[in-house]
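K.L.:
Handing you this structure, nothing more for now.
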Amino acid sequence: MTVDRSKQMLTDGSPVPPDRSHTADRGDGQQKGYIVLTDEERSKGWVKPYRESYRHKKCGAKTTMGRKIAETYARDPYFYSGTFCCTCGSHFDLSEFTWLPDGEPMDPLEQEDWHKGRAEREKKERQERGQRRIAELERELALLRSETEL
């Protein structure tokens, strides 16, 4: 799915200022405005699932982005190189964040390896859950045997 990156605007719908004045800090670490793909471009479909919340690996905090930014990411995961952490009050490289709830890296360059390892992680988690359940059942069975021997 080809993305036309020339179709840009700010989240408030205004054009992107040529002087980049939208990048000025509004006082809380965030920019005055953020670039997104136009409504028309975002409506052409997404290549990633729509997700709006992510976790900063450094501080562990959850941040939720606005809908137009989330849709832009879903349409073109390579559009952004960084994002904002509300707790730290600053922008960081995408490699420092993971999507919620599944933990997929926000950085699209890390996602393929993450998906390759996911099947193995899920298999290991199933095995561990199975072992815990077996241990629970063995304890319950031992209790029942001791009660019937009384």
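Values in this text are rule-based calculations from the coordinates and carry no lab data. Since the model is a prediction, treat every value here as computed from it, not as a measurement. Note that we place each Cβ from the backbone using ideal geometry, even for glycine, and neighbour counts take in every protein chain shown.
K.L.:
Counting only residues that are closer than 14 Å to D107 by Cα and more than 11 Å from the chain's Cα centre (by Cα), which one in the range 81-90 is surrounded by the most Cβ atoms within 10 Å (Cβ to Cβ)?
P.N.:
Looking at the filtered set, the residue picked out is F84.
K.L.:
Moving on to the next point. Right, E96: surrounded by 12 or more Cβ atoms within 10 Å (Cβ to Cβ), within 28 Å of R5 (Cβ to Cβ) and either touching a strand residue (DSSP E or B) at 6+ places or on another chain (Cβ under 9 Å) or free of Cβ contacts under 8 Å to residues at least 12 places away in the same chain (or both) or not?
P.N.:
Spelling it out, E96 is indeed surrounded by 12 or more Cβ atoms within 10 Å (Cβ to Cβ), within 28 Å of R5 (Cβ to Cβ) and either touching a strand residue (DSSP E or B) at 6+ places or on another chain (Cβ under 9 Å) or free of Cβ contacts under 8 Å to residues at least 12 places away in the same chain (or both).
K.L.:
Additional query: Does S53 satisfy being among the small types (G, A, S) and in contact with a Ser or Thr (Cβ under 7 Å, 6 or more places away or on another chain)?
P.N.:
yes
K.L.:
Scanning for something within 29 Å of the chain's Cα centre (by Cα), touching a residue at least 12 places away in the same chain (Cβ under 8 Å), under 30 Å from F84 (Cα atoms) and surrounded by 10 or more Cβ atoms within 10 Å (Cβ to Cβ), does the range 110-124 turn up at least one residue?
P.N.:
Yes: the range 110-124 contains one or more residues that are within 29 Å of the chain's Cα centre (by Cα), touching a residue at least 12 places away in the same chain (Cβ under 8 Å), under 30 Å from F84 (Cα atoms) and surrounded by 10 or more Cβ atoms within 10 Å (Cβ to Cβ).
K.L.:
Can you name the residue in the range 41-70 that is among the charged types (D, E, K, R) and surrounded by fewer than 18 Cβ atoms within 10 Å (Cβ to Cβ) and is also farthest from P105 (Cα to Cα) among such residues?
P.N.:
K44
K.L.:
Out of Y78, Y73, which single residue is surrounded by fewer than 18 Cβ atoms within 10 Å (Cβ to Cβ), of a type in the set (F, W, Y) and within 21 Å of D107 (Cβ to Cβ)?
P.N.:
Step by step, each of Y78, Y73 is checked, and only Y78 is surrounded by fewer than 18 Cβ atoms within 10 Å (Cβ to Cβ), of a type in the set (F, W, Y) and within 21 Å of D107 (Cβ to Cβ).
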